[in-house]
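Here is the structure we will look at.
The values are calculated or read from the model by the stated rules, or taken from the named source; none is laboratory data. As the structure is a computational prediction, the values presented were derived from the model and not from experiment. For neighbour counting, all protein chains shown are included, and Cβ atoms are generated from backbone atoms with ideal geometry for every residue, glycine included. Accessible surface is based on the protein model in full, side chains and every heavy atom, while ligands, DNA and RNA are left aside. Shrake-Rupley method; radii C 1.70, N 1.55, O 1.52, S 1.80 Å.
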Protein chains: 2
Amino acid sequence: MDYSQASLDKHKQFKGKIGISSKFGPVTTREDLSIAYTPGVAAVSKLLASNPEEAYNYSIKSNAVAVISDGSAVLGLGNIGPLGALPVMEGKALLFKEFGGVDAYPIVLDTQDPDEVINIVKNIAPGFGGINLEDFSAPNCFYIENKLKEILNIPVMHDDQHGTAIVVLAALINSLKLSARTPENTSVTIVGAGAAGTAIAKLLVLFGIKDILVLDTKGIISKDRTDLNDAKKEFLNFTNPQNLSGDLAVAMTSRDVFIGVSGPNILTADMVKTMNQKPIIFAMANPTPEIDPQVARDAGAFIVGTGRSDYPNQINNVLAFPGIFRGALDHRVTKITDDMKLAAAHAIANYLPESELSVDNIIPSPLDKGVAQCVAAVIK
Amino acid sequence: MDYSQASLDKHKQFKGKIGISSKFGPVTTREDLSIAYTPGVAAVSKLLASNPEEAYNYSIKSNAVAVISDGSAVLGLGNIGPLGALPVMEGKALLFKEFGGVDAYPIVLDTQDPDEVINIVKNIAPGFGGINLEDFSAPNCFYIENKLKEILNIPVMHDDQHGTAIVVLAALINSLKLSARTPENTSVTIVGAGAAGTAIAKLLVLFGIKDILVLDTKGIISKDRTDLNDAKKEFLNFTNPQNLSGDLAVAMTSRDVFIGVSGPNILTADMVKTMNQKPIIFAMANPTPEIDPQVARDAGAFIVGTGRSDYPNQINNVLAFPGIFRGALDHRVTKITDDMKLAAAHAIANYLPESELSVDNIIPSPLDKGVAQCVAAVIK
C-alpha cells in the first residue's frame, strides 16, 4: 500500500507531528508563575551554574536528545537538504517519545560543512543528554560522529550506522540459530558501502563473522581497486580475506548471507540460486528492496527480511534507537561502546523466545513497545 | 514570599519543565508507523525539499520557536553560562505554550563569541518559524540580533530588549492617561543602559517622548563622558537633549517618570520627592526593585510598577512575547518592526478598559491569557 497521500494529509492536518507539553501543569496562579519562572527559577539557575551535574536532576537535560540532520542523505531520497529532512526528524522524535519515553527535538542544519556541523552540535549540546545524528552522508558522517564522540561527554550516535547495524545483527543472530550456523563459519555479502554498510560490516566482525565482502556501485571492494577513498580503503583491513574482485554475481556465489543497504532490484533470482544452502537475504533498500521477497523465496531463500512493514521480518531501527538512548540517559552513559551495541543486538534477538522463532519471525515487531526496555537495560 | 525552595523541589520532582508530545496520537499499528515515518513520510520530505514554503503547512516550522541563550546575562544573576540559563529558557518555553500556544524549545549555547552565535543560530534556523534570543549581554546582544535579522527570513527578537520595552511602554501609556500627560511633555529617566534600557529608550522615542535621560553605573550618559563604548555613544543621538551631566540625584530632579532596569535600592525617597507632581516610578530590578514600592508611595509616587508578582502593577514580559510570536507565526511575519512593537504596546495598554484603570491597575495581569491574542492580532 502507498501511504504517501495519507501521510501528506495527516502532516497537513496537524502541521507536523510533535509539540511541546508542560510537565508542571497549567500556569494559572501567581505562585505557579513564581515557581516555574521568576523569581523562583533563579535558585535552580544558581544551582546548575555552580554544579553542572545537577542539570540531570533539575532540568530537561536528563531526558532530552537532539535529533540532528544536515539533510545530505535522507531516506532513499539523497541530498534533499534540511527542510526535506525535517519530517523524518520529526518522525524520529515522535518514535523516541512513543517507544522510549525520550524527549527528542529535531534540529535540521543549513550547512553540510563537516567542521561547521561539529562546531554547531558541540555548541548546542549543553541542554541535551544525548545527540542522535541522522541522515548524514558518508564519508562525512564518520568524521563528524568520531569527532563529536571525542569532544562531548554525552552519548553521540549516528543512527543510520549503528542503529541499523544493531537491528541487522539482531536479525542475523536469530537467522543463524534457525539455520544452525555459527558466526565463524558464516560468509556475508554486504551491498552498500555507505554509513549503514560500513557500520554493519564492523559490527559483524565484532560478533565473530570472519568472511565478509562489501560492494559499492563498482563491485567488490578489494585491494585491486584503484578508485577507493579513505573510508572505503578501511574495509580492506577487515573484509575480503581472499581479495576477491568482481561484480555482485561473483560476490553471491557460494555465500550464506546477503545484506542489502543499497538500491531497488539489484539482486536476481539467479544470483540467489548460486548461494549456499539455506541462504539468508536481508534486502533493506527502502521503499523498494534489492529483491522482491517473494522472488527471493521462490529462488530458494530460507529467510527473507526487509525494511518494509508489509512483509514478515521487518528490520527497522525503531527496535534499537529508543532503547539505546533510554538506557544511555538512565545510566548516564557518556559513550555508546561496541560492547553496548553487541549487547543491544543480543537483547533484541533474545526478546523473541526460541519457541516463537521461525523463518517468518526472526525479529520482534517494530510496534512491540517492550523491546526498548530490554535494550535500555543493557546500555550501561 | 521566597519561592526558591518550592521551585527547586518542583524542578527536581519533574526533572525540568517541558516535554515532547505527539500531535499524531499513539503509534500502535503498522499504518500509524507508515504514515508518521517511513515509507509515507518520504512524500512529505519530497514536497518540502522542492517547495520550502510548504514547511509552514506540513511541519513543526509553522509553530516552532527556538529560545536561545548564551547564558551571559541570566536574570539578575549575570554571566552564569548555558546550564544556569537552561531553567530560565525552559520556563520561557513553558510560558510560550501556555500563553501563546507556541511550541518553543530551549537551546543553550556553549559559546559567547558573537560571530559563532550568529553562525549557529543561522544554521539551526531552518526548522524554526521564529527565534527568541534571551539573556544575551549588551553590547553583543545588539550585534547578534541585528545581524540575524539581516540574514534570516524568520522573525528574530531579543526579548530582554523588545519584550521589556513593549510592556514598559504599555504601562507608561496607561500611566500617562491617569496622570493626564502627553508624550511630548513627559520627561523620563531610565537607569540601566544595557539591553533593556537601550530598547526602552528607543521605543519611547518612537512613541513620542522627547526628553529622556539614560544612566549607567557612572551616571548620566552625556557628551561630556569620555568612557562610552560605541553602543552607549548611540544614546547621544536621541537622549539627553540638554546634555545634563551628573548622578541619579541630578537625573531625578524635576522629572516625570523613573524607569529602573538596574539593581536593588538605588532610588531613595528623597530623590522621589524632587520629582515633578504625580511622579511615575517603574522599579523593575529583579528580585529586589530599585526602591521599595511602599517607600516610593510614602515619598509621593503617584504610580509604582515593579517586576514582582507580590505588588500591584507587575510589568512582566509574559504580557508581550507569547502574543508577539503567536502573531508573527500566524501572519507569516518575517521581521518584528518598530510599528509592530508600538502596536503591541498599545494593544496591551488598551486591553484594560478605561473604566478599570487606576493607579494600582495600569497593566493587565500577567496571568490573563486573553492578552496574547490581542497582541497577536496586531503583529502583521
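Quick notes on this structure:
- Restricting the search to strands (runs of 3 or more DSSP E) fully inside the stretch B:147-230 and requiring at least 2 residues that are closer than 27 Å to B:Ser72 by Cβ and more than 12 Å from the chain's Cα centre (by Cα) gives B:187-191, B:211-216.
- Criterion (surrounded by 24 or more Cβ atoms within 10 Å (Cβ to Cβ), over 25 Å from A:Asp110 (Cα atoms), small (Gly, Ala, Ser) and more than 9 Å from chain A (Cβ to nearest Cβ)) met by exactly one of B:Ala171, B:Ala180: B:Ala171
- Residue within the stretch A:38-51 that is open to solvent by 40 Å² or more (accessible area, probe 1.4 Å), among the basic types (Lys, Arg) and facing chain B (nearest Cβ under 8 Å) present: yes
- Taking the stretch B:237-269 as the range and being under 16 Å from B:Leu204 (Cβ atoms) and of a type outside the set (Phe, Trp, Tyr) as the test, the residues that pass are B:Asn237, B:Thr239, B:Asn240, B:Pro241, B:Ala251, B:Arg255, B:Asp256, B:Val257, B:Ile259, B:Gly260, B:Val261.
- Selected residue (only one of A:Ile303, A:Ile324, A:Ile348 is touching a Phe, Trp or Tyr at 6+ places or on another chain (Cβ under 9 Å), open to solvent by less than 10 Å² (accessible area, probe 1.4 Å) and not small (Gly, Ala, Ser)): A:Ile303
- Residue within the stretch B:266-282 that is at pLDDT below 95, closer than 22 Å to B:Pro312 by Cβ and either touching an Asp or Glu at 6+ places or on another chain (Cβ under 7 Å) or surrounded by fewer than 20 Cβ atoms within 10 Å (Cβ to Cβ) (or both) present: no
- Enumeration of residues in the stretch A:291-308 that are within 21 Å of A:His162 (Cα to Cα) and either part of a loop (DSSP other than H, G, I, E, B) or modelled with pLDDT under 95 (or both): A:Gly307, A:Arg308
- In the stretch A:57-81, the residues that are more than 8 Å from chain B (Cβ to nearest Cβ), surrounded by fewer than 23 Cβ atoms within 10 Å (Cβ to Cβ) and in contact with a helix residue (DSSP H, G or I) (Cβ under 8 Å, 6 or more places away or on another chain): A:Ser72
- The set of residues in the stretch A:183-196 that are open to solvent by less than 30 Å² (accessible area, probe 1.4 Å) and out of contact with any helix residue (DSSP H, G or I) (no Cβ under 9 Å at 6 or more places or on another chain) contains only A:Ser187.
- Among the residues making up the stretch B:143-167, those that are more than 19 Å from B:Ala320 (Cβ to Cβ) and open to solvent by 10 Å² or more (accessible area, probe 1.4 Å) are B:Tyr143, B:Asn146, B:Lys147, B:Glu150, B:Ile151, B:Leu152, B:Asn153.
- Given (1) without any contact (Cβ under 8 Å) to a residue 24 or more places away in the chain; (2) open to solvent by 50 Å² or more (accessible area, probe 1.4 Å), number of the condition A:Asp32 does not satisfy: (2)
- For the stretch A:109-126, the condition holds for at least one residue, the condition being that it is crowded, with 24+ Cβ neighbours inside 10 Å, more than 8 Å from chain B (Cβ to nearest Cβ) and farther than 16 Å from A:Gln161 by Cα.
- Sole exception among (1) over 19 Å from A:Ala196 (Cβ atoms); (2) part of a helix (DSSP H, G or I); (3) within 14 Å of another protein chain (Cβ to nearest Cβ) for A:His346, by number: (3)
- Pairs meeting the criteria (first residue in the stretch B:84-105 and within 7 Å of chain A (Cβ to nearest Cβ) and more than 14 Å from A:Ile60 (Cβ to Cβ), second residue of a type outside the set (Gly, Ala, Ser) and part of a loop (DSSP other than H, G, I, E, B), beta carbons under 6 Å, at least 6 apart or on different chains) are B:Glu98/A:Val27.
- Test: residue in the stretch B:133-146 that is within 24 Å of B:Asn57 (Cβ to Cβ) and within 18 Å of the chain's Cα centre (by Cα): no
- B:Lys17 being touching a helix residue (DSSP H, G or I) at 6+ places or on another chain (Cβ under 9 Å), within 7 Å of chain A (Cβ to nearest Cβ) and within 30 Å of B:Pro287 (Cα to Cα): yes
- Check on A:Phe238, touching a helix residue (DSSP H, G or I) at 6+ places or on another chain (Cβ under 7 Å), closer than 30 Å to A:Gly130 by Cβ, open to solvent by 10 Å² or more (accessible area, probe 1.4 Å) and away from chain B (no Cβ under 14 Å): yes
- Among the candidates B:Leu213, B:Leu178, B:Leu203, residue that is modelled with pLDDT of 95 or more and touching a Lys or Arg at 6+ places or on another chain (Cβ under 7 Å): B:Leu203
- For A:Met1: the one exception among (1) open to solvent by 40 Å² or more (accessible area, probe 1.4 Å); (2) within 7 Å of another protein chain (Cβ to nearest Cβ); (3) in contact (Cβ under 8 Å) with a residue 40 or more places away in the chain: (2)
- Across the stretch B:309-318, the qualifying residues are those that are part of a loop (DSSP other than H, G, I, E, B) and either open to solvent by less than 10 Å² (accessible area, probe 1.4 Å) or in contact (Cβ under 8 Å) with a residue 24 or more places away in the chain (or both), and the one among them that is nearest to the other protein chains (Cβ to nearest Cβ) is B:Ser309.
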